[in-house]
Amino acid sequence: MSERKINAWHKAGIIDDATRDNILAFEAEHARPLALWAVFGIGALAIGLGLISVVAANWEDIPGQLRLAVHMALIAASLGGLLFQERLFRAQSPWIGEALLFVAGLLGLTFFGHLGQVYQTTSPLWQPLAIWLVLFAPLLLTTGRSWLTAALFGVALVYCAWEYAYWLEFPSWRDQIENPPTLWIAAVTALPLLLVAPPAAWFRQRSTRADFWRRLEQLAVVYAVGGASIATGLAGVDAFDDGASAFFSGAGQVVRSLIALAAGLLVVLARRNMSGLMSGAIIAGAGAAAIMSYAVSGYQLLAGLVFMALWAGIGAAALVAGWRGVFQLAVAAIAIRLIILSFELASDLLLSGFGLIVSGLLIVGIAWIAYRVSSAFAPVSDEADGLEEGADA
């Protein structure tokens with residue numbers, strides 16, 4: 001916090017002399033030399049890029065077995081540091097151990113690609129990802145503490161699921177099978193939601209690493225809402241077709257919807273408070289929006305309304321739970337979708353000068369209304385925000 005702002009508060013009578021002095025003393029004691037850290041960061045980045053350049057320039061001259069041995073040694077050193085020095089790292093700075101865990105995970109993830117390059121082997125991408133999850137997911141789930149490791153695990157799980165689904169869907173990528181298992185393909189793409197959301201909701205109230213589990217629950221909610229939002233967009237362009245692909249079939253959407261509903265219910269049962277109830281309701285609502293998207297496929301107006309209904313529900317849940325940031329995001333999403341929908345329904349607005357004026361006024365009007373709604377109805381604070389920050393009690 002800047003000294004100028006603190007002095008401005010003092011002059012305005014918001015804080016008294018003692019409060020101002022206490023704040024200034026606290027800020028001076030806990031000040032971070034950002035410029036110095038930036039210089040160190042730039043220097044470390046330069047050294048890292050230099051080392052990468054040297055290795056890349058001589059990559060073919062380094063024996064493959066030696067490269068793999070060095071790679072394995074780096075993984076072992078990272079894991080050894082975590083095993084024997086974790087308490088020391090956590091005591092000095094939580095980010096030291098977290099960064100080391102993240103680096104160990106990335107080194108393990110890239111090792112399989114390195115192995116394939118050295119021995120000239122190929123395999124579907126989901127297979128090394130699955131092996132990595134088996135080997136490293138227990139480590140991440142038992143020691144991870146922040147969004148960094150939560151994102152690494154969550155993204156790897158989702159990517160593995162979708163790669164496996166694509167591998168099943170397109171026979172040219174494997175042995176020819178005439179009828180890919182449509183329902184199983186759909187289930188695979190929704191399973192990360194079921195595997196992550198309920199356990200994360202359960203552990204975040206029963207673990208000393210509540211931040212890590214909260215981030216995982218956030219990722220699950222984002223995955224559910226993002227998938228449902230994309231589904232409404234596909235419905236607007238009539239992408240769903242039972243005969244085209246397992247990804248766009250009605251049966252597949254039903255399966256995804258049922259899995260999302262089950263995940264939402266389990267989140268509610270796992271975290272029995274208002275935040276857990278609203279988080280589960282959002283996931284379940286995303287599942288309902290997914291099946292509704294298939295039902296209105298080909299109708300732009302109805303697809304847009306389903307999208308806005310989804311985000312209106314998210315905004316209502318945010319109001320009940322006191323999630324200011326989520327509520328403002330919901331209002332912004334509805335406003336943007338309303339603008340897009342107006343152009344979809346009247347695309348000739350952009351073909352004339354008068355149409356451009358009307359469209360500009362429309363955008364400004366919708367933005368102003370969204371701002372007023374967000375300012376007037378958004379929760380006052382995120383202090384009790386169980387989805388973003390705050391208490392889990």
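Brief remarks follow.
- Each of Trp368, Trp167 was scored by other Cβ atoms within 10 Å of its Cβ. Listed from fewest to most, they are Trp368, Trp167.
- Simple spin-label estimate for Ile131 and Ala57 in nanometres, 7 Å along Cα-Cβ: 3.3 nm
- In terms of surrounding Cβ atoms within a 10 Å radius of their Cβ, Val118, Val188, Val296 rank from fewest to most as Val118, Val296, Val188.
- FRET efficiency, 1/(1 + (r/R0)^6) with R0 41 Å, evaluated for Asn273 and Ala251 via beta carbons: 0.70
No value in this document is a laboratory result; all are computed from the given coordinates. All values derive from a computational prediction rather than experimental measurement. Ideal geometry is used to build each Cβ from the backbone, glycine not excepted, and the neighbour counts take in all protein chains shown.
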